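A short write-up of the structure that comes next.
The values are calculated or read from the model by the stated rules, or taken from the named source; none is laboratory data. Only a predicted model underlies this, so the values are computations on that prediction, with no experimental measurement involved. Don't worry about glycine lacking a Cβ; one is built from the backbone with ideal geometry, like all the others, and counts go over all protein chains shown. Ligands, DNA and RNA are stripped out before the accessible areas are found, and what is left, the full protein with its side chains, is counted by its heavy atoms. Shrake-Rupley method; radii C 1.70, N 1.55, O 1.52, S 1.80 Å.
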Amino acid sequence: MSDDADYVEAVREHRRRKDEFLAEHPQSPIPSDRRAGFEGLPYFDPDPAYRVEAPLHEHDDPGEITVETTQNGERRYRNVGEFRFELDGGAVTLQAYRSPGDERRLWVPFRDATSGEGTYPAGRYLDLEDPADRTADGDWVLDFNGAYSPYCAYSEAYECPLVPTENWLDVAVEAGEKYEAGT
């Protein structure tokens, strides 16, 4: 198999395991009365072009931001840096955030031209772990094939942070989870 074929198969296997969790696990965000008929989430076809390696341009003085949530709450994050890269031929900049006290994980939420047009209207997330999502050169791997809708997309029992406006993209990111209301 080619590297791309292996990669696509790995993405499909990850999705299969996720759908199994959503259908069967007690902590699934899919309401229990809908799990019996749950046949899996809709996804864009895996595409290696949506796996991007980019350096994190760290901010000299990471500021703290307050992010509103889906239930009128607030969460605090540190804006630690930004990723700059090309996607589908266009320049993209995404801010990366950390929860206070978490030095290993980056939260990269985004809205794009598919938001509300096939993907969750409020946006999707990428979670990056250090060192798992780093290259040997130290760049980060942003794999949009793993972009996911927050749990609040499936149940009002969850409160999710909204995507800060600086991460609203003009490009369409046709990768990762799609969204159908009532899933």
Every pair of residues 6+ apart whose Cβ atoms lie under 9 Å, when the first sits in region 120-144 and is in contact (Cβ under 8 Å) with a residue 60 or more places away in the chain and within 17 Å of Gln95 (Cα to Cα) while the second is among the basic types (Lys, Arg) and not in a helix (DSSP H, G or I): Trp140/Arg134; Val141/Arg51; Val141/Arg134; Leu142/Arg51; Asp143/Arg51; Phe144/Arg51; Phe144/Arg124
Hey, Glu20 part of a loop (DSSP other than H, G, I, E, B), more than 16 Å from Val108 (Cα to Cα) and open to solvent by 40 Å² or more (accessible area, probe 1.4 Å) or not: no
Residue match in region 26-44 (condition: touching a Phe, Trp or Tyr at 6+ places or on another chain (Cβ under 6 Å), more than 24 Å from Asp133 (Cα to Cα), in a helix (DSSP H, G or I) and open to solvent by less than 90 Å² (accessible area, probe 1.4 Å)): no
Residue in region 82-100 that is in contact (Cβ under 8 Å) with a residue 40 or more places away in the chain, of a type outside the set (Gly, Ala, Ser), in a loop (DSSP other than H, G, I, E, B) and more than 14 Å from Val163 (Cα to Cα) present: yes
Every residue from region 139-151 that is open to solvent by less than 30 Å² (accessible area, probe 1.4 Å) and either assigned to a loop (DSSP other than H, G, I, E, B) or of a type in the set (A, V, I, L, M, F, W, C) (or both): Trp140, Val141, Leu142, Phe144, Ala147, Ser149, Pro150
